[in-house]
Amino acid sequence: MTKTVKTYDAGAIGRGQVYVQAVRNLVLDELRDIQARVYLFGSWARGTPKRTSDVDIAVEPLEALPPGALARLRERME
């Protein structure tokens, strides 16, 4: 019987945390004057991203968004 053991590259995990923190800072900067809830979901939220995984976020505005706010955020995320 063969047992599969999941292993993690500690360096990759550290780089992933730095990446998610950079995304967080970008979102906070772009939405700094807007009351909103921001959610991280998908593989990054589960802690199971692959090298090709994108970052999935959802923005729930608690007030009217200024024109173009989400477009600017999307552009900066690219």
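Any read-out appearing in this document is the output of simple, stated calculations on the displayed coordinates, not a laboratory observation. Here the structure is a predicted model, which is why all the values come from computation and not from measurement. Backbone-built Cβ (ideal geometry, glycine too); neighbour counts: all protein chains shown.
Which chymotrypsin sites (Phe, Trp or Tyr not before Pro) does the range 19-78 hold that lie in a coil by DSSP with at most 15 other beta carbons within 10 Å?
Taking the range 19-78 and a limit of 15 other Cβ atoms within 10 Å, no loop chymotrypsin sites (Phe, Trp or Tyr not before Pro) are found.
Spin-label point model (7 Å from Cα, Cβ direction): what's the ARG74 to ASP29 distance in nm?
If labels sit at ARG74 and ASP29, their model points lie 2.1 nm apart.
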